[in-house]
1. Can you confirm whether the stretch 269-279 contains a residue that is surrounded by 17 or more Cβ atoms within 10 Å (Cβ to Cβ), under 28 Å from ARG348 (Cβ atoms) and not charged (D, E, K, R)?
2. Can you pull out the residues in the stretch 245-262 that are modelled with pLDDT of 85 or more, surrounded by 15 or more Cβ atoms within 10 Å (Cβ to Cβ) and out of contact with any Phe, Trp or Tyr (no Cβ under 7 Å at 6 or more places or on another chain)?
3. Which one is nearest to ASP19 (Cα to Cα) among residues in the stretch 110-139 that are touching a Cys at 6+ places or on another chain (Cβ under 8 Å) and surrounded by 12 or more Cβ atoms within 10 Å (Cβ to Cβ)?
4. If only one of ARG105, ARG154 is within 30 Å of the chain's Cα centre (by Cα), over 30 Å from LEU246 (Cβ atoms) and at pLDDT below 85, which one is it?
5. What are the residue pairs meeting all of these: first residue in the stretch 216-241, first residue more than 25 Å from LEU255 (Cβ to Cβ), second residue open to solvent by 70 Å² or more (accessible area, probe 1.4 Å) and among the hydroxyl-bearing types (Ser, Thr, Tyr), Cβ atoms under 8 Å, and 6 or more apart or on different chains?
6. So, in the stretch 307-350, exactly how many residues are surrounded by fewer than 16 Cβ atoms within 10 Å (Cβ to Cβ), outside any helix (DSSP H, G or I) and touching a helix residue (DSSP H, G or I) at 6+ places or on another chain (Cβ under 7 Å)?
7. TYR184: over 27 Å from the mean Cα position of the chain (by Cα), crowded, with 16+ Cβ neighbours inside 10 Å and of a type in the set (Ser, Thr, Tyr), yes or no?
8. Quick one: in the stretch 191-218, which of the residues that are at pLDDT 95 or above and part of a loop (DSSP other than H, G, I, E, B) is nearest to ASP329 (Cα to Cα)?
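The values are calculated or read from the model by the stated rules, or taken from the named source; none is laboratory data. A quick note: this is a predicted structure, and the numbers were derived from the prediction, not measured. Neighbour counts run over all protein chains shown; Cβ positions are idealised from the backbone, glycine included. Quick note on the areas: whole protein, heavy atoms, side chains included, nothing else; ligands and nucleic acids left out. Shrake-Rupley method; radii C 1.70, N 1.55, O 1.52, S 1.80 Å.
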Amino acid sequence: MRKGNIEQASNGYKIIVVDDEIGIIDSLSIFLKRSGYEFTGVTDPLEAIERVKNEHFDLMLLDFIMTPIHGDQVVEEIRKFNKELYILLLTGHKDLAPPLDTIRRLDIQGYCEKSDKFDQLLLLIESGIKAISQMNLIKKINDELKDTYDKLERSYMESIQTLRYTVEAKDSYTRGHSDRVSEYSVLIGKHMNLAEEDLNALRIGGLFHDIGKIGVPDSILLKTDKLTDDEYSEIKNHPTIGAHILSTATIFQNLIPIVKHHHEKYDGTGYPGKVKGEEIPFFARIAAVADTFDAMTSKRSYRDPLPLDVVRAEFERCKGTQFDPKIADVFLDILDNHYDEIKDIQDRYI
């Protein structure tokens, strides 16, 4: 003979009910299981917090007046580690419900008076489950979009890396230059206590700062003699060319200022825009210091690396003219007191 209370097949949604009255737990257990929900009942609010911390639940039905802590205190603790759990508050009487500002502050989705009949509660639960279903769908779509975006970003990065390697492969004297500029830029950023997001922009911007040299003729790029004025003008086009190459990809928008303006000078005599002072993008001012340092300390076809004391004197002399004085001071401090960090970078890219 069949039993009268046949549980419906699970719909996959998990509900936790927290109430210090075991009779309420038992009644809701029968009601919710019959409606197809996976049910967990807890009479201790402190235990409920731990259960939510360690297990997944889609929705919580929570009694307001409990011991040793009330329902709003339970939510307060849960919201410290779980912002997504859908919570419905149960009250013995509407006058005992928490203030509206508390409900809003704790992101409680609704409350319902306890009753022998569960019709109103079922409507609230069904409404909550629909909202949860929509949130899950949106999250799934966002995850899929992020995955697509990540693949596209990797594809762009690989393409630009290929161009970068092509540029550096042309000239053995500049091989590793962009890697070192990237590392020096990040080192300066760290000593300026910049956020990780900013350090990442400096890292990638340093790698690609000379990408525009792909558009400079080899006859000029590899020339060992002094450049003519016309040839130097061609070289000075590489920041603009690089910015144009990166402009087609949204993911590189925050790098373009570094690529386009790393040859600007603080006094406005640089190129391509003759921008001056703090009008020069901040990351470009950092990259300019890193780029110049590597140029002075690297072997070139026409000279050996410059001695460190000469390099230091040049940075001191050019503060406020070629370089942002504040950034130059930070770099001078690195040279004087943290040179081992610079040496570590140089040793990795010999």
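1. No, the stretch 269-279 contains no residue that is surrounded by 17 or more Cβ atoms within 10 Å (Cβ to Cβ), under 28 Å from ARG348 (Cβ atoms) and not charged (D, E, K, R).
2. Within the stretch 245-262, ASN254, ILE256, LYS260, HIS261, HIS262 qualify.
3. LEU121
4. ARG105
5. Short answer, once both residue conditions are applied: THR224/TYR302.
6. 1
7. Here the answer is no, as TYR184 does not meet what is asked.
8. Checked the stretch 191-218; the qualifying residue nearest to ASP329 (Cα to Cα) is MET192.
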